[in-house]
Amino acid sequence: GTLRSTESLLRHREVMTRLKYVLVLTFAILGLVLAEERSKRQAIDSDTTVDEEAVDAFTRELCASKGPQEYFRLSTQDCRKVIQCTEVGLESLVCPPSLAFDLELQACNWRDQVKNCDKTVKDRKVAPLTSTKDPLCEGGKLACGDGTCMNREIFCDGKPDCNDFSDENFCDINSDPNRAPFCDKSKCTLPTCFCINEPSDTPGNIHPDDIPQMIMITFDDAINNNNVDLYDHIFSNRQNPNGCDIKATFFVSHKYTNYTAVGELHRRGHEIAVHSISHNTTSSYWSEASVPEWSREMSGSRAILNRFANITDTTVVGVRAPYLRVGGNNQFRMMEEDQFLYDSTIVAPLAEVPLWPYMLYYRMPHQCHGHIQVCPTRPFAIWEMVMNEMDRREDPAHEEPLPGCAMVDSCFSNKPNGDQFYTFLTNNFNRHYTSNRAPMGLFFQSAFVKNNAEVLDALLFWIDEILATYTDVYFVTMTQILYWMQDIIPIQKINNFEPWKDKCAVQGEPYCYAGNNCQLQTQELPGETLRLASCMSCPNKFPWLLDPNGDGLLF
């Protein structure tokens with residue numbers, strides 16, 4: 001589950017105490033310098049008159065080596081406190097008590113993740129010489145910071161090649177020389193590609209009134225006895241307008257998952273996607289993971305699902321990273337190499353008009369949103385099932401703007417009652433239905449729904465009301481949405497759309513009822529004994545990163 005979600009950290013940043021002491025702070029700093037020069041005389045009190053020219057000279061000297069809007073420390077005594085040079089003087093910022101200021105990120109971060117509290121300024125990085133009046137290198141090459149010419153492709157590829165590391169120092173979407181191009185509608189056409197220039201863009205430029213409103217319900221993390229009854233309660237005996245059962249997408253993490261239950265959800269037509277093996281709780285792990293590490297986590301998870309949930313029809317094609325930590329180019333390079341179809345980790349900030357899923361071969365149509373996120377910069381043939389933020393306000397038309405939220409549980413600072421949750425669902429549905437009808441996402445963790453009876457009742461009431469009121473609204477999986485985008489069918493003909501009728505209303509007995517309850521160990525998790533429930537035979541070892549099949553042959 002999301003232990004420290006992106007939204008919670010944003011709320012911390014929203015309440016950061018920005019103490020702006022322009023002259024007072026400057027005088028205090030100057031007082032420290034003057035105190036040494038005057039033999040440590042008594043500190044300057046508030047009545048002391050300070051020479052303004054001396055103050056200006058000191059400030060200029062202090063700020064001469066600092067970059068625009070750069071925060072730095074005066075001392076290493078308090079990692080929460082930094083200052084910044086501005087046009088009107090010095091400005092102070094103090095992080096909340098649970099955080100510390102990260103000089104490299106230039107933002108408050110969780111204290112245990114800040115590794116530069118012993119420094120007063122951020123490390124100076126050498127920039128490559130990519131924009132010079134006269135070219136320094138021949139065609140197809142760029143200059144490192146020291147003037148050495150290197151092939152263009154090696155810049156921002158995740159591996160330092162320049163002696164001064166300048167090829168990897170400036171690699172955001174605006175600096176990567178190999179960055180994805182802007183959307184070009186003449187080249188990016190369906191069914192193979194869709195990119196966005198304007199939020200109102202729809203697939204095939206079809207009018208919104210002719211588009212079925214798709215709703216994608218997702219659940220993250222382990223599937224087991226704690227939530228299978230909830231899923232059965234939500235998705236049984238509820239049909240879309242075409243007569244088929246409503247469907248959802250499950251992003252499954254490995255530990256504590258009952259693969260017998262996963263296989264049954266798949267048999268009934270729900271989509272199973274990967275959410276990692278380890279569910280590593282260190283956010284920087286996902287931001288900094290290499291391509292092989294991403295592959296072990298996600299392709300390894302798919303191998304486990306294939307073997308122990310008996311999903312052998314190549315339908316496990318989606319990825320969502322834990323804690324919504326985007327893995328930059330490495331994540332999407334892995335997805336291309338390992339033949340995943342889509343990602344659903346990237347969050348688009350709250351807007352009046354939500355976004356449709358898009359292809360990452362072109363630049364994202366929104367900013368890289370979220371605290372310390374690392375979004376892809378290069379082009380990738382991967383679909384992004386973008387997570388449009390939801391509006392948490394009870395009355396969006398009259399209340400002041402608030403930051404949006406991606407995971408539903410992060411949209412509420414306190415447990416909502418049934419009426420509040422129903423209003424939340426209705427408001428966000430209307431924003432999609434009355435604009436461009438981009439797919440509406442409801443992204444859950446099961447505990448939020450199961451542990452609040454009013455929330456569950458409101459959700460079921462809302463789903464039933466939607467199905468009873470609208471003939472053009474469908475609860476579908478993420479892959480079903482992509483099927484529609486690649487073969488656009490107007491709402492008048494959607495009842496006969498074959499990809500939405502696959503496993504329409506599955507009947508019959510489960511593949512197995514109890515299956516095997518294997519008690520296993522692995523040397524990758526020393527001292528732990530773990531259970532693996534599956535209809536398939538028990539492996540020799542508990543499946544993990546280096547041994548996803550549990551063969552035990554690597555040790």
For segment 358-510, one quarter of the surface area of the C-alpha convex hull, expressed in nm², comes to 12.3
Where nothing but the Cβ of Lys and Arg (+1) and of Asp and Glu (-1) is charged, how large is the charge dipole of segment 102-200 around its Cα centre, in debye to the nearest 20? 200
Find, to one decimal place in angstroms, the Kirkwood hydrodynamic radius of segment 303-407, where the mean of 1/r is taken over every pair of different Cα atoms and then inverted. 15.2
Round to the nearest 10 and give me the degree value, 0 to 90, for the angle of helix 22-37's Cα axis relative to the longest principal axis of the chain. 50
Binned at 5 Å starting from 0, the alpha-carbon pair-distance distribution of segment 242-331 in whole percents comes out as 3, 14, 26, 22, 15, 11, 6, 2, 1, 0
Using the reciprocal of the averaged 1/r over all distinct C-alpha pairs, how large is the Kirkwood radius of segment 208-500 in Å? 19.4
Please name which of Asn151, Val121, Gln521 has its Cα lying farthest along the dipole of the chain towards the positive end, using unit charges on Cβ (Lys, Arg +1; Asp, Glu -1) and the Cα centre as origin. Gln521
With the charge dipole of the chain built from beta-carbon charges (+1 for Lys and Arg, -1 for Asp and Glu) about the Cα centre, the Cα from Val476, Asn280, Cys535 projecting farthest to the positive end belongs to Cys535
Using the basic label-point model (7 angstrom from Cα toward the beta carbon), what is the Thr315 to Gln521 distance in nanometres? 3.8
Built amide H within the under 5 Å cut-off of Leu90, gap 5+: Thr26
Along segment 263-275, Karplus-curve 3J(HN,Hα) (6.51, -1.76, 1.60; θ = phi - 60°) to the nearest Hz, with x for Gly and Pro, reads x, 5, 4, 5, 4, 7, x, 6, 8, 10, 10, 9, 9
Do the alpha carbons of any pairs in Lys255/Lys541; Lys115/Lys255; Lys247/Lys501; Lys450/Lys503 sit beyond 19 Å of each other, and which pairs? Lys115/Lys255; Lys450/Lys503
The chain: angle of helix 328-337 to the longest principal axis, Cα-based, in degrees nearest 10: 30
Tell me the net charge near Gly318. Cut-off is 13 Å between Cβ atoms, Gly318 excluded, with +1 for each Lys or Arg and -1 for each Asp or Glu. -3
Per the rule of 0.36 nm per residue minus the C-alpha distance, extending Asp229 to Leu402 adds in nm 58.8 nm
The chain, helix-only ellipticity at 222 nm - DSSP H runs n ≥ 4, -39,500 (n - 2.57), divided by all residues, nearest 500: -7500 deg cm²/dmol
What is the sum of charges, Lys and Arg at +1 and Asp and Glu at -1, for the other residues whose Cβ falls under 11 Å from the Cβ of Glu352? 0
Rounded to the nearest 0.05, what FRET efficiency do Cys117 and Asp146 give with R0 = 30 Å and r taken as the Cβ-Cβ distance? Could you check? 0.45
Whole-angstrom gap from segment 72-113 to segment 284-325, using each part's C-alpha centre: 36
Quick one: Karplus J couplings for segment 524-541, per residue in order, coefficients 6.51, -1.76, 1.60, θ = phi - 60°, nearest Hz, x for Gly and Pro? 6, 10, x, x, 9, 10, 10, 9, 10, 8, 7, 6, 8, 5, 6, x, 6, 10
Could you tell me how many degrees, from 0 to 90 and to the nearest 10, lie between the Cα long axis of helix 291-308 and the main elongation axis, the longest principal axis, of the Cα atoms of the chain? 20
Give me log10 I(q)/I(0) at q = 0.17, 0.19 Å⁻¹ for segment 125-179, Debye formula, one equal scatterer per alpha-carbon, no solvent. -0.42, -0.53
Could you tell me what % of all Cα pairs in the chain have separations over 30 Å? 58
Cα→Cβ-extended label distance, 7 Å offset, between Glu52 and Ala514, nm: 8.7
By the mean-Cβ-within-10 Å protection proxy, highest first, 503-516, 224-237, 531-544 rank as 531-544, 224-237, 503-516
Please list, in order along segment 206-219, the HN-Hα scalar couplings obtained from phi with the Karplus expression 6.51 cos²θ - 1.76 cosθ + 1.60 (θ = phi - 60°), rounded to whole Hz, x for Gly and Pro. 5, 5, x, 5, 9, 9, x, 6, 9, 10, 10, 8, 10, 10
With +1 assigned to the C-beta of every Lys and Arg and -1 to the C-beta of every Asp and Glu, and no other charges, what is the dipole magnitude of the chain about the Cα centre in debye, to the nearest 20? 760
Using per-residue counts of other Cβ atoms within 10 Å, averaged over each peptide, order 436-443, 57-64 from highest down. 436-443, 57-64
What's the percent breakdown of Cα-Cα distances in segment 155-248 across 5 Å bins, shortest bin first? 2, 9, 11, 10, 9, 10, 12, 12, 10, 7, 4, 2, 0
What's the local net charge at Pro135, with K and R +1, D and E -1, over the other residues with C-beta under 15 Å away? +1
What is the set of long-range amide H partners of Lys247 at a cut-off below 5 Å, with H atoms built 1.01 Å from backbone N? Phe475, Val476
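The numbers here are math on the coordinates, done by the rules we state, and not lab data. Please read all numbers here as calculations on a predicted model, not as lab measurements. Positions of Cβ are backbone-derived with ideal geometry, glycine not excepted, and every protein chain shown enters the neighbour counts.
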